[in-house]
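As structure tokens, the structure follows; a few thoughts come after it.
Only the coordinates and a few stated rules stand behind these numbers; no lab work does. The structure presented is a predicted model; accordingly, all values stated were derived computationally and were not measured.
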Amino acid sequence: MASLELYLFRHGLAEEGSPDELRPLSPLGQQRTGQVARRLQSMSMQVDAILTSPLVRARETAAILQEAGLGPGVVLEPELAPGGDCLCCLRALAHTSFSQVMLVGHEPSLSSWAELLGWGQVRGHLILKKAGIIGVHLPERSVPVGEIFWLSAPKFLL
């Protein structure tokens, strides 16, 4: 089975308010997410697909990443909404030809997923900042245990 690189990207800074699923990125969130996206593009990052939570702030983040040239398009993935299931998402990816995928979502889900995929259990030790990224390499798609190879807050990319 082919390996898979996952880039877990947390949405940018969002406006306050409710309902939660309709909160857009703030102007500062748009600006910083754009800066991070351009920095990743300057590092020659390119993914086969960008999958995103259906929540507004995540969709806007994914659109910024796509516009920066990091991936060819954006696909909605319901499992990336808060409370989604990592293994369901991975099972869907197992049937694709993708080798590098960016998943845009929320905390604490993304950090928990990284811990589960990297250590086999959730320990609650990782925190992914807004517009931050975690890279996880899965040597085999059918075995959801790999290695965390990258964790960066946005301030280290700007």
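Plainly put, the chain has a radius of gyration that is 0.94 times its Kirkwood radius, both from alpha-carbon atoms, as the Rg/Rh ratio.
Taking the 0 to 90 degree range and rounding to the nearest ten, how far is the long axis of helix 56-67 tilted relative to the main principal axis of the chain, both from C-alpha atoms? Tilt relative to the chain: about 80 degrees. Converting phi to 3J(HN,Hα) with the Karplus coefficients 6.51, -1.76 and 1.60 and the offset θ = phi - 60°, the stretch 25-31 yields 5, 6, x, 5, x, 5, 5 Hz in sequence order, with x at every glycine or proline.
The Cα trace of the stretch 1-93 gives Rg and Dmax of 13.5, 44 Å, the first to one decimal, the second as a whole number.
Between amide H atoms placed 1.01 Å from N, distances below 5 Å from TRP150 occur with GLY135, all of them 5 or more places distant or on a separate chain. Taken one residue at a time, the phi angles of the stretch 36-51 give Karplus couplings (6.51, -1.76, 1.60, θ = phi - 60°) of 5, 4, 5, 5, 4, 5, 5, 8, 6, 6, 8, 10, 6, 7, 10, 9 Hz. Gly and Pro are set to x. Per-residue ellipticity at 222 nm, computed for the chain from helices alone with -39500 (n - 2.57) per DSSP H run of at least four residues, works out to -9000 deg cm²/dmol.
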